[in-house]
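The values are calculated or read from the model by the stated rules, or taken from the named source; none is laboratory data. In this text, all values refer to a predicted model and were calculated from it rather than measured experimentally. Neighbour counts are summed over all protein chains in view; Cβ atoms, including those assigned to glycine, are modelled from backbone coordinates with ideal geometry. Areas reflect the complete protein model, heavy atoms only, side chains present, ligands, DNA and RNA absent. Shrake-Rupley method; radii C 1.70, N 1.55, O 1.52, S 1.80 Å.
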Amino acid sequence: MGEHYSKKELGKDMYQFFIEDENAAEDFVTIEGSDVNHIKNVLRMKPGEKIRVCTRNGQNYFCSISDITESFVRADILEKEAESTELPCRIYLFQGLPKNDKMELIIQKAVELGVYEIIPVAMKNCVVKLDAKKAAAKTARWQGIAESAAKQSKRSLIPKVSEPVSYKEAVAYAMKLDQKLVPYENERGMAATREAVEAVRPGESIGIFIGPEGGFAPEEIEAVKGEMKLISLGSRILRTETAGFTTLAILMYHIETSCLEKSN
């Protein structure tokens, strides 16, 4: 890894690709699968061009393409990036299944905002009903959207999109997390929201529950009262996709600024 490149050169304009952990050697990485065609025939990249490569466990490399074949791309490691682009908290988005293609937008933007895992949840007021076959096909498509968004936003890992679960299963999963937040349209008062957000500390796991278009059913809220923190997002009623983005943005700001203050 002889030649040194500035962070400006090894920067945000670089294309990014993900590889399996075993495809990273000491001095080079190997890219396989659909990315080979993308590099070779879509981007028309050539040996010598610089790329950013991340392993599934979050190791980041700045690389220079050395060889392009029909089945793999080899790139020499120029520099190992110490800094991760990941938040120091793992945020789990429990999203009530929305109508139409809204889930695709939600996944794309949630990944950009730093979510760690997205769990689609079948709630009482969900209009969409997915059988096992449809759920598997949808999940595969959603995972592809998460990967594309992770590449575009220079994430160090690809967030997982789980197959849809029941509300009961989602609550049981969330109980293992450190913090649980439920934006609820009938909850009023931003003081409690500020208190709940400020209680989040770097390193914690956070669950966010977002209702579908029809909102939470009363019994769904009753089931988590005392176990999760009900918060308000203001005096206006937000759409299901807006509520998730807003909560993620608030948390991202708090977590990033907390880390900045700690480092100073």
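Run the paramagnetic zone check for Lys134: 7 angstrom along Cα to Cβ, then residues of the stretch 83-106 with backbone nitrogen under 16 Å.
It comes to 97-104, nothing else.
Filter the chain for me: DSSP H helices, axial length by Cα at least 18 angstrom, mean Kyte-Doolittle hydropathy not below -0.5. List them by residue number.
240-263
How much accessible area per residue does the chain have, counting only protein heavy atoms and a probe of 1.4 Å, in square angstrom?
Numbers: 13710 Å² over 264 residues.
It amounts to 52 Å² per residue over the chain.
In percent, what relative contact order does the chain have, based on Cα pairs under 8 Å that are 6 or more apart in sequence?
Relative contact order for the chain comes out at 19 percent.
Counting DSSP beta bridges with both partners in the chain, what percentage is antiparallel, nearest 5?
Around 40 percent of the beta bridges assigned by DSSP in the chain are antiparallel ones.
Divide the volume of the convex hull of the Cα atoms of the stretch 100-204 by its number of residues and quote the answer in cubic angstrom per residue.
In the stretch 100-204, the Cα convex hull volume per residue is 131 Å³.
Along Cα→Cβ, 7 Å out, is where each label goes; now give me the distance between the ones at Glu185 and Val42 in nm to one decimal.
That separation, rounded to one decimal, is 3.8 nm.
Please identify, among Leu97, Leu105, Leu230, the residue showing maximal mean-square fluctuation in a Gaussian network model of the chain using a 10 angstrom Cα cutoff.
Leu105
Quick one: go through the stretch 187-225 and flag any residue whose amide nitrogen is under 12 Å from the point 7 Å out along the Cα-to-Cβ line of Tyr253.
194
Among the listed pairs Lys133/Lys229; Lys102/Lys134; Lys129/Lys225, which have their C-alpha atoms separated by more than 24 angstrom in this model?
Lys133/Lys229; Lys129/Lys225
If the viscosity is 1.306 mPa s and the temperature 10 °C, what translational diffusion coefficient in µm²/s does Stokes-Einstein give for the stretch 91-154 when Rh comes from Kirkwood over Cα pairs?
Taking Rh from Cα pairs, D becomes 131 µm²/s.
Would you calculate the separation in nanometres between label points at Lys124 and Asn57, each defined as 7 Å from the Cα along the Cα-to-beta-carbon direction?
Label at Lys124, label at Asn57, 4.5 nm between them.
As an exercise, identify the GluC sites (Glu not before Pro) in the stretch 65-121 lying in DSSP coil whose Cβ has no more than 13 other Cβ atoms within 10 Å.
Qualifying residues, ordered by number: Glu70, Glu83.
Within the P(r) computed for the stretch 1-154, what percentage of the Cα pairs occupies the region above 26 Å? Could the numbers behind the result be given before it?
Details: 4267 of 11781 pairs.
The answer is 36 percent, as a whole percent.
For the chain, taking Cα atoms only, what is the radius of gyration to one decimal and the Dmax to the nearest whole Å?
Rg, Dmax (Cα atoms, Å): 20.4, 62.
How would you rank 32-45, 141-154, highest first, on the average number of other Cβ atoms within 10 Å across their residues?
The peptides rank, most packed first, as 141-154, 32-45.
Work the Kirkwood hydrodynamic radius out for the stretch 118-177: mean of 1/r over every pair of different alpha-carbon atoms, inverted, in Å.
12.8 Å
Scaled to the compact-protein estimate 2.2 N^0.38 Å, what is the alpha-carbon radius of gyration of the stretch 148-264, rounded to two decimal places?
Cα Rg divided by the expected 2.2 N^0.38 Å: 1.12.
With n ≥ 4 as the cut-off for DSSP H runs, can you work out [θ] at 222 nm for the chain, using -39500 (n - 2.57) per run divided by the number of residues, rounded to the nearest 500?
For the chain, the value works out to -10000 deg cm²/dmol.
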